[in-house]
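Trainee: Attaching a single structure in structure tokens format; questions to follow.
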Amino acid sequence: MADNRKKRGGADRGLIALSEPYEVAYWSKKFKITPARLKAAVKKVGHSAKNVDAYIKLQKHNASDRARIAVSQPYEVSYWSKKFKVTPARLKAAVAAVGHSSKNVGAYLTGSKKSAKKTPKKASKKTFKKRAKKKAA
């Protein structure tokens, strides 16, 4: 049980009891997040403090890269679909093909024209003769 005050062993210390305000305050302060985010994290991964800590660290890491497309978030799919003017299904397929970077997805969706390197054209014999004349003069 997550909050039995008579049991003070390690098993109880590793669990987060959302029904107790003092525990919500403690864990929120410890993880440096709001109580609402703590409750959402517990709902997502369970009452284990270890799992909640790992989940919060992952969320903070993912949020640090603003140019990353998170297809698991509906609002991000909507935003990037409108930005690239594609359907959500096409956006998800592009993310699956090239990764979560918005730069790579944008290049993939616009085609290989921008992302491909341009190869220089070979110079003709006339061009070589003109260059030789300029150097000699």
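What follows is calculated from the coordinates using simple rules that are stated; it is not laboratory data. Everything numeric here is computed off the predicted structure, so don't read it as measured data. With ideal geometry, Cβ positions are generated from the backbone for all residues, glycine too; neighbour counts draw on all protein chains shown.
Trainee: Pairs 30/60; 82/103; 60/103: which exceed 23 Å Cα-Cα?
Mentor: Working: 30/60 15 Å; 82/103 15 Å; 60/103 21 Å.
Over 23 Å apart, Cα to Cα: no pair at all.
Trainee: Something else about it: Which residues in segment 20-48 have a backbone N closer than 19 Å to a point placed 7 Å from the Cα of residue 73 along the Cα-to-Cβ line?
Mentor: Answer for this model: 32-45.
Trainee: What net charge is computed for the residues neighbouring residue 102, neighbours being all others with C-beta under 9 Å from the C-beta of residue 102, Lys and Arg scored +1, Asp and Glu -1?
Mentor: Counting the neighbours of residue 102, the net charge comes to +4.
Trainee: Amide H of residue 101 versus every other amide H placed in the peptide plane: which residues, excluding those fewer than 5 positions away on the same chain, fall under 5 Å?
Mentor: Close amide H contacts, sequence-distant or interchain: 69.
Trainee: Sequence-distant or interchain residues sharing an amide H contact under 5 Å with residue 15, placed H: which?
Mentor: Those qualifying (amide H under 5 Å, at least 5 residues apart or on another chain) are 49.
Trainee: Ranking request for peptides 33-41, 81-89: highest mean number of other beta-carbon atoms within 10 Å first, then the rest in descending order.
Mentor: 33-41, 81-89
Trainee: Subtracting the Cα-Cα distance from 0.36 nm times the residue separation, let me have the gained length for residue 93 to residue 50 in nm, one decimal.
Mentor: My answer for the length gained is 12.1 nm.
Trainee: Now, a different point. At 7 Å along Cα-to-Cβ for each site, give me the label-to-label distance between residue 66 and residue 32 in nm.
Mentor: Result: 1.9 nm between the two label points.
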